[in-house]
Amino acid sequence: KVGGSITYAADQEPTGFNQNTSKDNGTSVVNVEAGILPGVFSTHPDFTVQLDKNLMVSAELTSQKPQTIVYKIKPEAKWSDGVDISAKDFELLWKAQNGTDKKFDAAGTTGYEDVASVTGSDGGKTVTVVFKKVFADWTSLFGNLVPAHILNKMPGGIEEAWNNGLNK
């Protein structure tokens, strides 16, 4: 349901709202965003890693050489403004976290630095990720997606929007 409010008690103020950046990758932000930003997989109380079926149809390893994962996003998966969650969101997360563009403040590059390409198809609802070297913990990737369509509209360029745009 749209609207309403939520009260959340925390021991410190959030530093910002993009936990994918080094400056916002602390518990004050992570605890708030855990239920807000979508991700492919989540860890459950029994420590199992499970596909988020609210967001995804599937995420499957389709090739070992090169390691290739095909993600299928639910057709009805949308951001709160009604825009589709799509391959563009996956691509932004990869580009910002892979360490090649130092203008992006990246919380870490683990796994993303091993990705060779992120390609969308099927109207952006299928994402094919090809690795340049095997990354066994691929289910840890593509959590905390951020809305690329919003960041792309912000002044100062995509890197500035990534680093500080969600703080406004």
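The values are calculated or read from the model by the stated rules, or taken from the named source; none is laboratory data. Just so it is clear, the model here is predicted, and its values are computed rather than measured. Glycine gets a Cβ as well: all are built from the backbone with ideal geometry, and neighbour counts include every protein chain shown. SASA here: full protein model, heavy atoms, side chains in, ligands and nucleic acids out. Shrake-Rupley method; radii C 1.70, N 1.55, O 1.52, S 1.80 Å.
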Within segment 111-157, count every residue that is open to solvent by less than 40 Å² (accessible area, probe 1.4 Å), under 20 Å from SER22 (Cβ atoms) and over 14 Å from the mean Cα position of the chain (by Cα). 3
Could you please let me know if GLY26 is within 16 Å of VAL146 (Cα to Cα) and open to solvent by less than 90 Å² (accessible area, probe 1.4 Å)? no
State yes or no: is SER80 modelled with pLDDT under 95, of a type outside the set (Asp, Glu) and part of a strand (DSSP E or B)? no
Kindly list the number of the only condition in (1) among the aromatic types (Phe, Trp, Tyr); (2) at pLDDT below 75; (3) under 24 Å from LYS74 (Cα atoms) that fails for TYR8. (3)
